[in-house]
Amino acid sequence: MKPVLLAMTSHDKKGDTGESTGAYLPEIAHPYAVFTRAGLVVEFASVRGGRVPLDGIDRADAVNAAFLDDPEATRRLHESLPSSAVDPSRYAAIFFAGGHGAMWDLPDDPSFVKATARIYEAGGVVGAVCHGPAALVNVRLSDGAYLVAGKQVNGFTNEEERAVKLENVVPFLLEDRLVARGGRFVGAPKWQKQVVVDGRLVTGQNPASAAGVAEAIVTLLRKEKTP
């Protein structure tokens with residue numbers, strides 16, 4: 001099977017707050033563990049390429065610690081491919097990790113937008129978790145329709161953004177933007193695991209949903225492979 005592309009932000013600041021952010025490590029480490037356990041090859045890409053800024057580095061999480069202690073995984077993460085060099089024909093799926101940084105650079109990154117549409121229209125799977133669905137809000141298919149239009153979709157909710165007091169810091173509220181693009185938002189109470197599958201689109205609400213999104217992607221890829 002073709003590899004899965006794990007795609008991430010390169011943005012490292014929360015607006016003008018001076019606080020650091022980036023890609024949220026559990027939304028990389030947990031899906032990576034699911035994908036590799038399933039025998040899938042995972043490749044890493046980010047908007048600018050190279051070293052990925054990380055948030056949520058908590059070694060008390062055993063999956064995080066295992067990822068950080070895997071020198072090959074961390075080397076490849078920090079030698080990530082720039083989005084401009086991504087060849088979408090190489091991948092069976094693209095998965096966008098979250099982290100607040102995703103809200104600033106993923107929506108308008110032309111290379112990831114184009115790669116996402118091409119992977120989806122070639123029969124591949126598109127997945128994203130938490131703030132990762134920010135990468136989907138400007139993806140249009142070849143007929144001009146937004147990828148999320150008419151589909152059940154999920155992501156970090158307005159309630160969750162307000163709970164972390166960043167509703168006035170992020171460039172937009174993700175739930176609102178997904179709905180504005182025609183998505184049928186299916187949220188759960190804050191911090192609860194929520195994975196929404198609509199055809200070959202898989203979205204999850206928050207860090208607790210990260211492994212579940214990856215598991216759903218694996219299920220879809222296996223289904224596609226089965227005659």
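The values are calculated or read from the model by the stated rules, or taken from the named source; none is laboratory data. Keep in mind that what you see is a predicted model, and the values were worked out from it rather than measured. We place every Cβ from the backbone using ideal geometry, glycine too, and count neighbours over all the protein chains shown. We work out accessible area using only protein heavy atoms, side chains counted, and drop any ligands, DNA or RNA first. Shrake-Rupley method; radii C 1.70, N 1.55, O 1.52, S 1.80 Å.
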**Q.** Contact order normalised by residue count of the range 79-227, Cα under 8 Å, 6+ apart, percent
**A.** 23
Q | Surface accessible to a 1.4 Å probe, per residue, for the residues of the range 118-214, Å² | A | 38
Q) Which FRET efficiency, nearest 0.05, do residue 143 and residue 17 yield, Cβ-Cβ r, R0 45 Å? A) 0.70
**Q.** Only Lys, Arg (+1) and Asp, Glu (-1) charged, at Cβ; the range 82-227 dipole about Cα centre in debye
**A.** 380
Q: Could you tell me what fraction of 2.2 N^0.38 Å the Cα radius of gyration of the range 84-227 comes to, as a two-decimal ratio?
A: 0.97
Q) Which of the pairs 114/223; 193/223; 14/165 have their Cα atoms more than 19 Å apart in this structure? A) 114/223; 193/223
Q) Going 7 Å from the Cα of residue 169 toward and past its Cβ, which residues in the range 115-138 have a backbone nitrogen under 18 Å from where you end up? A) 130-132, 134
(Q) I want to make sure I understand the PRE zone here: with the label point 7 angstrom from the Cα of residue 114 toward its beta carbon, which residues in the range 144-182 have backbone N atoms less than 19 Å away? (A) 144-147
Q: Using Cα pairs closer than 8 Å and at least 6 residues apart in sequence, work out the relative contact order for the range 51-144, in percent.
A: 28
Q: Give the peptides 204-216, 165-177, 101-113 in descending order of average Cβ contacts within 10 Å, highest first.
A: 204-216, 101-113, 165-177
Q.
Can you give me the long-range amide H partners of residue 46? Hydrogens built in the peptide plane at 1.01 Å from N, cutoff under 5 Å, separation of 5 or more residues or another chain.
A. 8, 81, 83
(Q) Looking only at the chain, where both bridge partners belong to it, what percent of the DSSP beta bridges are antiparallel (to the nearest 5)? (A) 25
Q) What is the spin-label model distance, in nm, from residue 51 to residue 179 if the labels are put 7 Å beyond Cα along the C-beta direction? A) 4.0
Q.
For the pair residue 152/residue 85, report the inter-label distance in nm, with labels modelled 7 Å from Cα in the Cβ direction.
A. 3.9
Q: Work out how much length residue 219 to residue 66 would gain on full extension: take 0.36 nm times their residue separation and subtract the Cα-Cα distance, in nm to one decimal.
A: 52.7 nm
Q. Out of the range 17-73, which GluC sites (Glu not before Pro) are coil in DSSP terms and have no more than 16 other C-beta atoms within 10 Å?
A. 19
Q. Which whole-angstrom value gives the distance between the alpha carbon centres of the range 113-150 and the range 37-53?
A. 18
Q. For the chain, what is the mean residue ellipticity at 222 nm derived from helices alone (per DSSP H run of n ≥ 4: -39500 (n - 2.57); sum divided by total residues; nearest 500 deg cm²/dmol)?
A. -9000 deg cm²/dmol
Q | Dipole of the range 134-203 [Lys/Arg +1, Asp/Glu -1 at C-beta], most positive-end residue of 191, 201, 136 | A | 201
